[in-house]
Amino acid sequence: MYLENLVFDAVDPQRLGRFWEAVVGGERLTDEPDGYETRLAIEGGPVLDLCFQRVPELPSGEPRLHLDLLGGAQQAQEVDRLLALGARHLDIGQGDVPWIVLADPEGTPCCVMGEQAVPDSGPIVSLPLDSADPDRDARFWSWLTGWTSVSGSPRSLRHPSMRGPVLELCDEPAPKGTGKNRLHLDIRLEAGDNPDAVAAGIAERGGRELSPGYGDLPWRIYADPSGNELCVLPAP
């Protein structure tokens, strides 16, 4: 199994997809009114597809997963670039912090980091995910993705190459509500992976399978132990 997709719900997938493609310098894969995909390949590290799927309206509630973007010494210039692409400044009560909070064209928060860069991260420094129990959920996501703990930080997971973004399990400000997350992660099975065994492993580690009533799908939908949605896709 491996982490394949970062999936955004979008009212206008093409507009939002083109924005994020420009932000990360992605390679376009699909450009359709109901679905847009762009690929971020980290040299010597993971390949992540950013996927944008049409929804009639965006889920309500505070986002539990967002993107921290590389700024570094060029933070101000990167903020200006994102604003020119269609982002806007966003006040979420962050106060005096060394990062700058923006919203993408559909209002989803993202942060442009200052000097808090991760070596060899590429354009996405980290993927902070809200968790009711970060230590437990880090073990869950490590098993699911094959990513490993960053030295000295068991709540931070990274591709075994130690390149690309960090998946950061963060203390949640409030328990997850009943609404769907606006962003979620997709796991891809590999040849030889048994879908039912994976389902059992998810349940043993505190997750659960969901039945949202979307009809017959080629993938299976789950929640992690803190309720965050994820999809497990069949082997190619």
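The values are calculated or read from the model by the stated rules, or taken from the named source; none is laboratory data. This is a predicted model, so every value here is computed, not measured. Heads up, the Cβs are rebuilt from the backbone with ideal geometry, glycines too, and the neighbour counts pull from every protein chain shown.
From the list Ala223, Ala174, Ala200, exactly one residue is at negative phi and touching a strand residue (DSSP E or B) at 6+ places or on another chain (Cβ under 6 Å). Which is it? First the steps, then the outcome.
Working: Ala174 fails: touching a strand residue (DSSP E or B) at 6+ places or on another chain (Cβ under 6 Å); Ala200 fails: touching a strand residue (DSSP E or B) at 6+ places or on another chain (Cβ under 6 Å).
That would be Ala223, the only listed residue that is at negative phi and touching a strand residue (DSSP E or B) at 6+ places or on another chain (Cβ under 6 Å).
Does Ala199 meet the test of being closer than 16 Å to Ala132 by Cβ and surrounded by 15 or more Cβ atoms within 10 Å (Cβ to Cβ)? It would help to see each step written out before you state the result.
Working: closer than 16 Å to Ala132 by Cβ: no; surrounded by 15 or more Cβ atoms within 10 Å (Cβ to Cβ): yes.
Here the answer is no, as Ala199 does not meet what is asked.
Run Leu102 past the list (1) on the phi < 0 side of the Ramachandran plot; (2) surrounded by fewer than 16 Cβ atoms within 10 Å (Cβ to Cβ) and report the number of the one that doesn't hold. So Leu102 meets the others, but not (2). Checking Val112, Val166, Val150 one by one, the residue that is aliphatic (A, V, I, L, M) and surrounded by fewer than 18 Cβ atoms within 10 Å (Cβ to Cβ) is Val150 and no other.
Each row is one residue, and each column tells you yes or no for (1) assigned to a strand (DSSP E or B); (2) polar (S, T, N, Q); (3) in contact with a helix residue (DSSP H, G or I) (Cβ under 9 Å, 6 or more places away or on another chain).
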| site | (1), (2), (3) |
| --- | --- |
| Glu4 | yes, no, no |
| Glu37 | yes, no, yes |
| Gly45 | no, no, no |
| Leu58 | no, no, no |
| Gly61 | no, no, no |
| Ala76 | no, no, no |
| Leu83 | no, no, no |
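Quick one: which strands (runs of 3 or more DSSP E) sit completely within segment 157-236 and have at least 3 residues that are within 21 Å of Phe52 (Cβ to Cβ) and touching a residue at least 60 places away in the same chain (Cβ under 8 Å)?
Values: elements: 166-171, 183-188, 220-223, 229-233.
Answer list for segment 157-236: 183-188, 229-233.
Restricting segment 85-106 to residues that are of a type in the set (Gly, Ala, Ser) and modelled with pLDDT under 95 leaves a set whose member that is nearest to the chain's Cα centre (by Cα) is Gly93. Based on what the data block shows, is Arg81 among the basic types (Lys, Arg) and farther than 30 Å from Asp171 by Cβ? Taking the combined requirement at face value, the residue satisfies it. Every condition in (1) modelled with pLDDT under 95; (2) at positive phi; (3) within 17 Å of the chain's Cα centre (by Cα) holds for Lys180 except the one numbered (2).
Filtering segment 202-218 to residues that are closer than 22 Å to Asp137 by Cα and surrounded by fewer than 17 Cβ atoms within 10 Å (Cβ to Cβ) leaves Ala203, Glu204, Arg205, Gly206, Arg208, Glu209, Leu210, Ser211. Criterion applied to Asp193, Asp120, Asp130, Asp137 was being within 18 Å of Leu3 (Cβ to Cβ), surrounded by 13 or more Cβ atoms within 10 Å (Cβ to Cβ) and modelled with pLDDT under 95, and the one residue passing it is Asp120.
When the residues of segment 56-84 are narrowed to those that are loosely packed, with under 14 Cβ neighbours inside 10 Å and of a type in the set (A, V, I, L, M, F, W, C), which ends up modelled with the lowest pLDDT? The qualifying residue modelled with the lowest pLDDT is Ala73. Of everything in segment 63-74 that is in a loop (DSSP other than H, G, I, E, B) and touching a residue at least 60 places away in the same chain (Cβ under 8 Å), the residue that is nearest to Arg28 (Cα to Cα) is His66.
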